[in-house]
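The values are calculated or read from the model by the stated rules, or taken from the named source; none is laboratory data. Computed from a predicted structure; not experimentally measured. Using ideal geometry, Cβ is built from the backbone for each residue, glycine included, and neighbour counts are taken over all protein chains shown.
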Amino acid sequence: MSAALSLTVYALVVGLLEGVFYAFMALGLNMVFGVVRMINIAHGDLIVLGGYLALTMFSSAHLSALAAFVVAFPLFFVLGVGVYYLFVPKLEVSSDPEMFSFIAFFGLSMIIESAATLAFGYYPTSLPFSALVSGTFYVLGHGVPKAFLVMTALSAAMLGVTYYYLQMTRMGRATRAIMQNKEQALALGINSRLVTLMAFAFGFALAGMAGVLAPYVIGYIYPAEGTFITVLAFVIVIIGALGDPLSSVVGGLVFGVAYQLLQVFLPYLAYPIVFFALLAIIVAKPGGILGKPEREV
């Protein structure tokens, strides 16, 4: 097998593995936007906090990243409840919800970044693969950490949990109704405040759990990384459909494979091409590739 073909197969395998994680990473951002129509600028900072949670539990108590993954859900869910009551009800009735929500979540992002800098320092740090699982497997002679398999399995499991929640539970169906048409959902007697609160907090919990796994894909974490992660998550959301959480699966897989192929064959142009594609998609289809077309007035 030629070297180029070998590298292509390797990039496809790693891209699919990472793509499942990328879908999980963007899921919380799309969930929050879907229910409150506000872009959580602090989404990436929540992911960074999740990474620091895993790092702290491993370095201080020698607990695995799997333990941090479990602990992250209740911690970040409670944080989401607090942020919801602090911001969302007031923002929804403000004169300009979009602008004020941007300012509020940007402020939250700065608070998290500053707190993380004070607590952990500014410099990048990493989480060893042994915190999840040791060992390597090989794809045509190219090594891939076994931690990627566990990371992919955990990400896929949470994507499955989210699918079950949205499709099979009463609260999930109410959530989808609000995402699709809030006015009609209210007319049907759905408790909008409770449903929105649960989905908002769930989105925060997903971000925290994704953060536990993020160091294995991104390579390291540092306080100022949150903005970059938010942009990546937004790219993935736009590849799918803005406001449709489950479409993040398509976005994550497409992004993961495309980015890995670019890293192999055009490493210096990988990010410029990705962000150029984002701009093109926003101009051509603002609601995302899989989003419904806008109605003409």
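Quick one: would you say residue 199 is within 24 Å of residue 49 (Cβ to Cβ), in a helix (DSSP H, G or I), in contact with a helix residue (DSSP H, G or I) (Cβ under 8 Å, 6 or more places away or on another chain) and of a type in the set (A, V, I, L, M)?
Yes; evaluated as a whole, the condition is true for this residue.
Let me confirm something: among 117, 56, which residue is in contact with a helix residue (DSSP H, G or I) (Cβ under 9 Å, 6 or more places away or on another chain), closer than 15 Å to residue 225 by Cα and surrounded by 13 or more Cβ atoms within 10 Å (Cβ to Cβ)?
Just one listed residue meets the conditions, 117.
Somewhere in the stretch 10-27, is a residue of a type in the set (Ser, Thr, Tyr), farther than 17 Å from residue 219 by Cα and touching a strand residue (DSSP E or B) at 6+ places or on another chain (Cβ under 7 Å)?
Looking through the stretch 10-27, at least one residue is of a type in the set (Ser, Thr, Tyr), farther than 17 Å from residue 219 by Cα and touching a strand residue (DSSP E or B) at 6+ places or on another chain (Cβ under 7 Å).
Hey, does the stretch 157-177 have a residue that's touching a residue at least 12 places away in the same chain (Cβ under 8 Å), of a type in the set (D, E, K, R) and either in contact with a strand residue (DSSP E or B) (Cβ under 9 Å, 6 or more places away or on another chain) or outside any loop (DSSP other than H, G, I, E, B) (or both)?
The answer is no; no qualifying residue exists.
Among the residues that make up the stretch 80-93, is at least one of them modelled with pLDDT of 95 or more, over 20 Å from residue 212 (Cα atoms) and crowded, with 17+ Cβ neighbours inside 10 Å?
Yes, there is a match, as at least one residue in the stretch 80-93 is modelled with pLDDT of 95 or more, over 20 Å from residue 212 (Cα atoms) and crowded, with 17+ Cβ neighbours inside 10 Å.
Just to be sure before I move on: is residue 198 crowded, with 18+ Cβ neighbours inside 10 Å, in contact with a Phe, Trp or Tyr (Cβ under 6 Å, 6 or more places away or on another chain) and in contact (Cβ under 8 Å) with a residue 12 or more places away in the chain in the structure I sent?
Here the answer is no, as residue 198 does not meet what is asked.
I need every pair where a residue in the stretch 128-142 that is closer than 14 Å to residue 212 by Cβ has its Cβ under 7 Å from the Cβ of a residue that is aromatic (Phe, Trp, Tyr) and not in a strand (DSSP E or B), sequence separation at least 6 or different chains.
129/216; 131/58; 132/216
Quick check on this structure: which one of 68, 42 is among the small types (Gly, Ala, Ser) and under 13 Å from the mean Cα position of the chain (by Cα)?
42
When you go through 169, 162 one by one, which is the residue that is within 18 Å of residue 31 (Cβ to Cβ), modelled with pLDDT of 90 or more and more than 22 Å from the chain's Cα centre (by Cα)?
169
Within the stretch 102-151, work out how many residues are among the hydroxyl-bearing types (Ser, Thr, Tyr) and either in a helix (DSSP H, G or I) or in contact with an Asp or Glu (Cβ under 8 Å, 6 or more places away or on another chain) (or both).
4
Please go through the stretch 183-196 and give me each residue that is in a helix (DSSP H, G or I) and under 23 Å from residue 82 (Cα atoms), ordered by number.
192, 193, 194, 195, 196
Restricting to the stretch 247-266, count the residues that are within 21 Å of residue 176 (Cα to Cα) and either over 13 Å from the mean Cα position of the chain (by Cα) or surrounded by fewer than 20 Cβ atoms within 10 Å (Cβ to Cβ) (or both).
1
Quick one: would you say residue 47 is within 17 Å of residue 235 (Cα to Cα), among the β-branched types (Val, Ile, Thr) and surrounded by fewer than 24 Cβ atoms within 10 Å (Cβ to Cβ)?
In short, no.
Got a number for residues in the stretch 100-113 being free of Cβ contacts under 8 Å to residues at least 40 places away in the same chain and within 22 Å of the chain's Cα centre (by Cα)?
Within the stretch 100-113, residues that are free of Cβ contacts under 8 Å to residues at least 40 places away in the same chain and within 22 Å of the chain's Cα centre (by Cα) number 5.
Of the numbered conditions (1) more than 25 Å from residue 230 (Cα to Cα); (2) of a type in the set (Phe, Trp, Tyr); (3) surrounded by 13 or more Cβ atoms within 10 Å (Cβ to Cβ), residue 129 fails exactly one; give the number of that condition.
(1)
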